[in-house]
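Participant: Please read through the structure below; I'll follow up with questions.
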Amino acid sequence: MSNTKLGLLVFWPTFWTGFPIKMVVALLLLAAHMHPWEGSGLFLLLLVSIPVDIWALGLCARTVFIDRLKVDPKPGFGLHLWIRWAAFSALALPVIMIVVSTVTETTQSVVSNIVESIKENIFVIPVAEQISLELVMWGSVSSIVLILCILGWLYGLGWLAQPFVKNATPVKGSAVDQAKFWDSLRIPSDQPLLLTAFTGAGVVLVFIFWVLLPSTTPHPHEEYVYTFEKKGVVKVEPQKVLKETEQVLANAELVVSKLQEEKSGDTKTSSEAGDLSPKAKPEKKAEKQPPVEDGGKP
């Protein structure tokens, strides 16, 4: 088996075997108000991840060796393999990050110059098409470089696992014997004990989670700003309310009386103005003129 394929077959199930346990630890840290990606939370998460990775790597590597390579490795090889993989990854992964970032920056600048020269000398490229074109051009190169670096890293993992394959004991017997040996490894001898331990661990983790939570009911955060003011409880005093009501009624009576007086004054003014209308003026004028004397005629 090639080194790259062996590294992938061992690493992939190892990652997904330990990932759920790390997620549980991360949730417990979040419940305890400790961020698992910085400070003491990150330190605790890495501290818990080390034994989990050693166990998962030993389990998955032995599974691959027995199932695909038909060899049974020596007991305790998971720790030695983890030490080699950890040392190699501590050197290889930073180099991969530097290489990929350098290639990405270089391709972005080159692609930008190419697109600008095309816009100046050949034809104008719209903004949306320019963004898509640049993304495809430099993204393709960066993706190819990243895939090659990951393949090289997997090759190194497989190369470090090959000595354990050579020192392993071949699995002898027929296909039926190999199947029985494989089943004896997968199925525990005391299944009720395993089920009890698994259930008990789950119950304990649930209780730890609820203990670490600040409260068992949802509540706003301390930094939450209320959009409304909290109204306190108002005490009602009957005598005070009655006095205020009487005062309001007295004010209302004064306002009504003033409005009635103003209304009556307006009515008088309107009636006098009606008497001085154009039709009424000649009649009034005739009434005011004195009677004409007839010159002493009988």
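The values are calculated or read from the model by the stated rules, or taken from the named source; none is laboratory data. Only a predicted model underlies this, so the values are computations on that prediction, with no experimental measurement involved. Every residue, glycine among them, receives a Cβ derived from its backbone with ideal geometry; neighbour counts consider all protein chains shown. Side chains included, ligands, DNA and RNA excluded: accessible areas come from the protein's heavy atoms. Shrake-Rupley method; radii C 1.70, N 1.55, O 1.52, S 1.80 Å.
Participant: Can you tell me the FRET efficiency between T196 and I21 if r is taken as the Cβ-Cβ distance and R0 is 25 Å, rounded to the nearest 0.05? Let's see the in-between values first.
Facilitator: Details: r = 19 Å, r/R0 = 0.75.
It comes to 0.85.
Participant: Applying 1/(1 + (r/R0)^6) with R0 = 41 Å to the Cβ-Cβ distance of E262 and E222, what FRET efficiency is obtained, to the nearest 0.05? Numbers along the way, then the final one.
Facilitator: On the way: r = 60 Å, r/R0 = 1.46.
Given R0 = 41 Å and the Cβ-Cβ separation, E is 0.10.
Participant: Another question, if that's okay. How many Lys pairs in segment 1-125 lie less than 28 angstrom apart by Cα atoms, where the lysines are 8 or more positions apart or on different chains? Please list the in-between numbers first.
Facilitator: Details: K5/K22; K5/K70; K5/K74; K22/K74.
Lysine pairs, 8 or more places apart or on different chains, close enough: 4.
Participant: Continuing with the same structure: Treat each spin label as a single point 7 Å out from the Cα along the C-beta direction, and report the K172 to E253 distance in nm.
Facilitator: My value for the distance between the label points is 12.1 nm.
Participant: Work through the residues other than P13 whose Cβ is under 12 Å from its Cβ and net out their charges, Lys, Arg +1 and Asp, Glu -1.
Facilitator: Values: positive: R62, R68; negative: D67.
With Lys, Arg at +1 and Asp, Glu at -1, the net is +1.
Participant: Continuing with the same structure: By the gyration tensor of its Cα atoms, with a ≥ b ≥ c the square roots of the eigenvalues, what is the shape of segment 9-108: rounded for a/c under 1.5, prolate for a/b over b/c, or oblate?
Facilitator: Values: a/c = 2.29, a/b = 1.16, b/c = 1.97.
It is oblate, given that a/c is not under 1.5 and a/b is not larger than b/c.
Participant: Enumerate the amide H contacts of D72 below 5 Å, restricted to partners 5 or more residues apart or on another chain; note that Pro and chain-start residues carry no placed amide H.
Facilitator: For D72, whose amide H was placed from the backbone, the distant partners under 5 Å are T169, V171.
Participant: Please list D183, D72 from largest to smallest accessible area, probe radius 1.4 Å, with all protein chains kept in place.
Facilitator: Values: D183 60, D72 35 Å².
Order by accessible area, largest first: D183, D72.
Participant: List the residues of segment 88-124 whose backbone N lies under 12 Å from a point placed 7 Å from the Cα of L133 along the Cα-to-Cβ direction.
Facilitator: Residues passing the 12 Å test: 111-124.
Participant: A further question follows. Compute the projected area of the convex hull of the Cα atoms of segment 41-81, averaged over all viewing directions, and report it in nm² to one decimal place.
Facilitator: Values: hull surface 11.9 nm².
Dividing the Cα hull surface by four gives the mean projection, 3.0 nm².
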